[in-house]
1. Obtain the nm distance between the two label points defined at residue 394 and residue 684 by a simple spin-label model: each point lies 7 Å from its Cα along the Cα-to-C-beta direction.
2. Relative contact order of segment 1-131, please, whole-number percent, based on alpha carbon pairs below 8 angstrom and at least 6 residues apart.
3. What percentages, rounded to whole numbers, describe P(r) for the chain computed over all alpha carbon pairs with 20 Å bin width beginning at zero?
4. Residue 233 to residue 446: extension gain in nm, 0.36 nm per residue of separation minus the Cα-Cα distance?
5. Expected output is a single nm value to one decimal: the length gained when fully extending between residue 539 and residue 590, i.e. 0.36 nm times separation in residues minus the C-alpha distance. What is it?
6. Once the Cβ-Cβ distance between residue 180 and residue 546 is put in as r, and R0 is 51 Å, what FRET efficiency do you end up with, to the nearest 0.05?
7. Label segment 647-786 by shape, choosing from rounded, prolate and oblate, from the square roots a ≥ b ≥ c of the eigenvalues of the Cα gyration tensor; if a/c is under 1.5 it is rounded, and otherwise prolate applies when a/b is larger than b/c, oblate when it is not.
8. Can you tell me the order of 393-399, 66-72 when each peptide is scored by its average per-residue count of other Cβ atoms within 10 angstrom, highest first?
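Here, each number is a calculation from the coordinates, and none is a lab measurement. Given the structure is predicted, the values throughout are model-derived calculations rather than measurements. Note that we place each Cβ from the backbone using ideal geometry, even for glycine, and neighbour counts take in every protein chain shown.
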Amino acid sequence: MWFILGFAILFIYRITASPTIGWVDSGVIVAAAKTLGVANPPGFPLYMVIAHLFTTIPIGTMVSRLQFLSQVSAIGLVGLVYRIVTLSNAPWSGVFASITFAFSYSLWQQANNIETYTLTNVVLFALIVWALRIDISHMHGKEMAHILLIGLTIGLSMGLNPIIVAMVPAIIVWIVWNRRYVLDHIWLFTGATLLSLIAFIAIYSYLPLRASTHPFVNWGDPETFDRIQKHLRGAGLNIYEPETNSINGFTGAPSIWWESFLHYWHLAFFQFTPILFPLVVLGFVVMAKKHDLTFWMLTSIVGTNLLFVTLYYGGNQESWMVTSWTIMAVWMGTGVETLFRRIKGGMTPSKVNTGAYNRYVLVFFIIAAMVFPLFFWFPILNHADTKFADEYASNLYKDVPEGSIIIGGGDFFNSLTAYIREVVGLRKDIIPITGNMLYIFDWYRKNLTLNTNLTISSTTSSLIKYKSVDEFTDVVDSLIADNPNKQVFITPLLLRDSVVAGTKEGNYHTKKYDLVPHGLLLKVVPKGGKELPNDTLLDTYTFGKQPYYLERNYKNAYRLLRNDYAAAYQLLGNWWQERGQMDRALQALNRSIELGPPDSPEFVHRLAIFYAQTGKPQEAKKAFVQTLALAPDDAIVKHNYQNFLGSLQSATPSASAEETISYKGNGMSFSYPNKNWELKTQGNTVLLQDEKSVFTMSFVRKSRPTNISMETFINTYTLLDGKLMNQGPAKIPSFDLAYVRIFEQDNVFTMQFFLFQSNVVVLATVSPGNAPEMRVFDSVVTSLKVL
């Protein structure tokens, strides 16, 4: 029976599995498993050894082989749930708990993922069942051998995912519960502890041994003791910058802890579907009343897992919770039997089964309830047609010349390119470089030179001092110069995201090169060249139905993926608009909306600005309204919309000619209120202040060389004081393009505008940007013209 049930579960897992890698670290893990490399901290050495064995299975793809490891581990975990439930309940309740658990959301998701979680949990709960089965009151040779083997296994298991530490409190509970027998055999348990320590050291010797061979996936290059200990504790991975949505690791923030705590219980409610969750609660109450060893060991694991999830924020946070859901499945098994007994007036299972009617009711109830999660989650977890990663890789490398370099940003780029290079073997001639790792880690630069024909000169390395946000740009420019025979491409994310974690600073803003749109990439070319974009590479690509995820990081990863496509077309639209090709620009900007996330205001906003700039007020108004529906509180969007409406009413100004003063000078002209405003000039800067000198706006005219793009020009200017809160395109009448940055310091907002008209730029700065006087700035900037 169990063979048939296990095969049925495996069949469901297999037909719903994606043919390619999933989100977060799965690409890195499959690449490291295949090559016996060193994955991200803490390296998961035991998983790597076991997974490598599975990569040698002679059938299926590398992805399906490692999915098979996750799947058989999940089925093993299902069997362990049955075993724990039936320690004190009828077999049918164990079957019920096992099947509902097999098709619970997170276990099903991780069964089809290339990750460490199902294998880690099957080992964890195998150890718990193993410990519960030992008759410690009769410590003979067989039981002694079991204790020593458990110690050895615990040590080796530390080479799996760190969530395995949830077993430590359970071990302590077991020891305290059996303290009299433990003290009677103290040397035996001391020996088991020593075996555990030896096994731990032995399994983690994998790190320096494999790092010394310098595989392509060699996170941290942990050859030395210093690098090993940094790798084990994930040094440098704790980030807490909510302003930039950079949150990872131990944040020390109670608000994040509370959010994670609530998120845990939200997911708990949905794992087995809300209909069955009350059985979990009932089972917990019933087991708590029994007050036995099993209950306390399991509860200590749940408590530790919840504490870990609450205090430590990470991209795989939801996957860590599989440990808790395993125990909740056990509670559910107890709960369902308790409920059935109460419905039948306290009858025992043996009495219930004496009548055919009761037997049929029982069978129907069990089958209907336990397969409900299967039908509930099947359409959501059926990823058989999910090919985002392979499609992205195909589009990324399309028409990229042989021997090129691609510099990208983000975890997905790093994971995907490792998988494509080391597993798929697609375009091994191309060198993928993850930008932030190139800049931050010396071991990463060293490993690149050992595994590729990339040149990184001492000049390039010497630029890295971590003192200026411009260093990253200088490093990339120097790397390009180090490799003159290679064509270089970058991903749009390199322009949009920071290379310095926890800030919005340090993205790539080259002044030495032009960036020409090339599908999902931008080609780095000599300044002032005549090369045109390769703008047809993504024309036929479309996204299907948006997948549903309970995992926050998976949702965000999918969103970022679509953002990459949309940003590529937005940059293409900007390119054509700057060169006066409005039809092509409009086509590209519309395409960016088609490919971008449906709830993203960015790309609709850019289209609204384009319509306003090209004299299409009705289309512009419609697009602005759509943008505000998506982002009603966005300061830039509201400001742009107000300016647009002001430009429509410019023929009938609210103030008469007697109430305004016209200024003309320093290559510009504008009108400002006659009363309560003072105008000063300081060199080339025109300064306008209210009578209390609290609200200030300044204007200065600059020239932009024709060989410098607008984006490059913006990035040449140092950020103002305070935190960069937002930035994006703006709508200002009489100007071809505009861009605004919003800074905040001591709850005072400053807005910095870049207003482009041909090769002239007006820099306008206004503060406080959240003051009522902003309406005056809107009227002044609406009247602003370049002379």
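1. About 5.1 nm, to one decimal.
2. Details: 138 pairs, mean separation 38.6, N = 131.
Over segment 1-131, the number comes to 29 percent.
3. Values per bin, smallest distances first: 14, 40, 30, 14, 2, 0.
4. Working: separation 213, 0.36 × 213 = 76.68 nm, distance 2.20 nm.
Gain in length upon complete extension: 74.5 nm.
5. Working: separation 51, 0.36 × 51 = 18.36 nm, distance 1.19 nm.
Value of the extension gain: 17.2 nm.
6. Details: r = 59 Å, r/R0 = 1.15.
E between residue 180 and residue 546, to the nearest 0.05, is 0.30.
7. Values: a/c = 1.63, a/b = 1.21, b/c = 1.35.
The shape class here is oblate.
8. Working: 393-399: 17.9, 66-72: 22.9.
Ranked by mean Cβ neighbours within 10 Å, highest first: 66-72, 393-399.
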